[in-house]
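K.L.:
The structure is given below, and queries will be raised subsequently.
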Amino acid sequence: MLVAALLGGGVAAGLTAVLSDGGGGDGHTTTVIRQPAVAAGSASGRASVAEGLTAADIYKKYAPGVVFIRSEIVEQVNSPFDFNAGAQRSEATGSGFVIDKSGNILTNNHVVEGARSVTVTFADNHTVKADVVGKDPSTDLALLSVDPEGVLLTPLPLGSSKDVQVGDPTIAIGNPFGLDRTLTTGVVSALQRRITAPNGAGISDVIQTDAAINPGNSGGPLIDAAGRVIGVNSQIETGGSGGNGNVGIGFAVPIDTARQILSSLKKGEAVRRAYFGLSSLTIDGSLAALDLPVKKGALVQEVKPGSPAEAAGIKAGELPAQLQGGDPIVLGGDIITKFDGRPVTSGPHLSQLVTSHEPGDKVQVQVVRKGEKKTVTVTLGQQPANFQTG
């Protein structure tokens, strides 16, 4: 099985698992509809009840655009007893969805990572070879391409995760355990979760849903009540049991994150991200006992050697401390209160502000140091390939 257990950052204690499935299923098709999706009205332009889309409506219209992905993985096996041990072959399966008539398909990177060959099967059981056009391990997203000639392509409309609210209906379509084009329904359970990609990078603004997703759902769409994709299903909470089955908590990478990098993926280019080079702790009510000089901001915990933050003179703390019942922290460092003129509300918010810029941008950063406000200029760098935090 090619299912990797990951520690989910910023969620309830337990394990999350990426959702690729090492098995091929039993070959039959199962469609599960647990409840109709009743659209939620909003003045912001989200789905309205008048649109009248049920789960069945959305399934009939867009399930043909959800594909079954099969990746052949070849790993070199080295044995201390046999230097000619050769290669070991395995298979990973997952989901993906068509995004345009040109044959581009969005999925998770871990579904195709290390693949020697990739095939895609459509709703009419037509299977074609797919090329991996671009990959971004830090968001666990990948773009595949198939020759559109002779293939019935049903693109799914891409929505936006910005207007999503807790309680909104959700629909997941994918291939759990190889059961192709299975539909499940639920709601948005929480927003702004943070999960860890297989390469260790943090993924922010993740959508949490109780729509049942399982191994094999990886790369499939999370859809709103108007039939628009709002996320890419990527991980599940396992509750620390060591299993890979659904326990009612799944995570989807927001579609806005995919939109930001699609142009780079289509060109096969590495995604360039701005890099600050520090780790920080959110200042909120839980730190009230520390009597800090501000009530909101990001308390610097560590400054990476050789980073833009170090070059700008950002200071980390040197006084180890521990809150009652909490993790160890470091006090005495700078508190970042503004980044490029925008108030910083938390550590994850600071990360979002950094990634909204390009490498090489010069940014004014306001800090509170020993009770005094200071402003420093930071020239952002490019995120290292082995980036994990900060």
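The values are calculated or read from the model by the stated rules, or taken from the named source; none is laboratory data. What you are looking at is a predicted structure, and each value in this text was computed from that prediction instead of being measured. Here the Cβ positions follow ideal geometry from the backbone for every residue, glycine too, while neighbour counts run over all protein chains shown. Keep in mind that these areas ignore ligands, DNA and RNA; they rest on the heavy atoms of the full protein, side chains included. Shrake-Rupley method; radii C 1.70, N 1.55, O 1.52, S 1.80 Å.
K.L.:
Out of (1) open to solvent by less than 20 Å² (accessible area, probe 1.4 Å); (2) within 27 Å of SER351 (Cα to Cα); (3) part of a loop (DSSP other than H, G, I, E, B), the odd one out for LEU143 is which?
P.N.:
For LEU143, the exception is condition (3).
K.L.:
Within segment 161-175, which residues are over 12 Å from VAL66 (Cβ atoms) and crowded, with 17+ Cβ neighbours inside 10 Å? Explain how you work it out, then say what you get.
P.N.:
So the first thing to find is which residues in segment 161-175 are over 12 Å from VAL66 (Cβ atoms), and the list is 161-170.
Across segment 161-175, the qualifying residues are SER161, VAL164, ASP168, PRO169, THR170.
K.L.:
Out of the residues in segment 280-298 meeting the condition of being touching a residue at least 40 places away in the same chain (Cβ under 8 Å) and open to solvent by less than 30 Å² (accessible area, probe 1.4 Å), tell me which one is farthest from VAL354 (Cα to Cα).
P.N.:
Taking segment 280-298 as the starting set, the residues that turn out to be touching a residue at least 40 places away in the same chain (Cβ under 8 Å) are 280-284, 286, 290, 292-294, 296-298.
With open to solvent by less than 30 Å² (accessible area, probe 1.4 Å) added as a condition, the list becomes 283, 297-298.
Numbers: ILE283: 18, GLY297: 14, ALA298: 13 Å.
Within segment 280-298, the match that is farthest from VAL354 (Cα to Cα) is ILE283.
K.L.:
Within segment 153-170, track down each residue that is hydrophobic (A, V, I, L, M, F, W, C) and either in a strand (DSSP E or B) or touching a His at 6+ places or on another chain (Cβ under 9 Å) (or both).
P.N.:
Answer for segment 153-170, where residues must be hydrophobic (A, V, I, L, M, F, W, C) and either in a strand (DSSP E or B) or touching a His at 6+ places or on another chain (Cβ under 9 Å) (or both): just LEU158.
K.L.:
Kindly list, by first and then second residue, each pair from a residue in segment 357-382 that is at positive phi to a residue that is surrounded by 14 or more Cβ atoms within 10 Å (Cβ to Cβ), limited to pairs with Cβ atoms under 7 Å and residues at least 6 apart or on different chains.
P.N.:
Within 7 Å, the pairs are GLY360/LEU380; GLY371/PRO293.
K.L.:
Among the strands (runs of 3 or more DSSP E) lying completely within segment 307-385, list those that include at least 2 residues that are within 27 Å of SER286 (Cβ to Cβ) and of a type in the set (Val, Ile, Thr).
P.N.:
Result: 328-331, 335-339, 362-369.
K.L.:
Is it the case that some residue within segment 100-108 is more than 24 Å from LYS61 (Cα to Cα) and either of a type in the set (Asp, Glu) or surrounded by 13 or more Cβ atoms within 10 Å (Cβ to Cβ) (or both)?
P.N.:
Looking only at segment 100-108, we keep the residues that are more than 24 Å from LYS61 (Cα to Cα), and these are none.
For segment 100-108, residues more than 24 Å from LYS61 (Cα to Cα) and either of a type in the set (Asp, Glu) or surrounded by 13 or more Cβ atoms within 10 Å (Cβ to Cβ) (or both): absent.
K.L.:
Something else about it: If I filter segment 249-266 for residues that are aliphatic (A, V, I, L, M), out of contact with any Lys or Arg (no Cβ under 8 Å at 6 or more places or on another chain) and open to solvent by 70 Å² or more (accessible area, probe 1.4 Å), do I get at least one hit?
P.N.:
No, segment 249-266 contains no residue that is aliphatic (A, V, I, L, M), out of contact with any Lys or Arg (no Cβ under 8 Å at 6 or more places or on another chain) and open to solvent by 70 Å² or more (accessible area, probe 1.4 Å).
K.L.:
Further, regarding this structure: Starting from residues that are in contact with a strand residue (DSSP E or B) (Cβ under 6 Å, 6 or more places away or on another chain) and of a type in the set (Val, Ile, Thr), keep the ones in segment 327-354 and report whichever is most open to solvent (accessible area, probe 1.4 Å).
P.N.:
Once the filter is applied, the top-ranked residue is VAL330.
K.L.:
VAL133 - would you say it is on the phi < 0 side of the Ramachandran plot, assigned to a strand (DSSP E or B), surrounded by fewer than 17 Cβ atoms within 10 Å (Cβ to Cβ) and in contact with a Gly (Cβ under 8 Å, 6 or more places away or on another chain)? Steps first, please.
P.N.:
Numbers: on the phi < 0 side of the Ramachandran plot: yes; assigned to a strand (DSSP E or B): yes; surrounded by fewer than 17 Cβ atoms within 10 Å (Cβ to Cβ): yes; in contact with a Gly (Cβ under 8 Å, 6 or more places away or on another chain): yes.
Answer is yes for this residue.
Let's see how each residue does on (1) more than 23 Å from GLN192 (Cα to Cα); (2) within 23 Å of the chain's Cα centre (by Cα):
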{"residue": "GLY268", "(1), (2)": "yes, yes"}
{"residue": "ALA274", "(1), (2)": "no, yes"}
{"residue": "SER280", "(1), (2)": "no, yes"}
{"residue": "GLN301", "(1), (2)": "no, no"}
{"residue": "LEU350", "(1), (2)": "no, yes"}
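K.L.:
Looking only at residues in segment 199-248 that are at pLDDT below 75 and hydroxyl-bearing (Ser, Thr, Tyr), which one is farthest from the chain's Cα centre (by Cα)?
P.N.:
Checked segment 199-248; the qualifying residue farthest from the chain's Cα centre (by Cα) is SER241.
K.L.:
Does ARG272 qualify as being among the charged types (D, E, K, R) and either within 30 Å of LYS135 (Cβ to Cβ) or open to solvent by less than 70 Å² (accessible area, probe 1.4 Å) (or both)?
P.N.:
Yes; evaluated as a whole, the condition is true for this residue.
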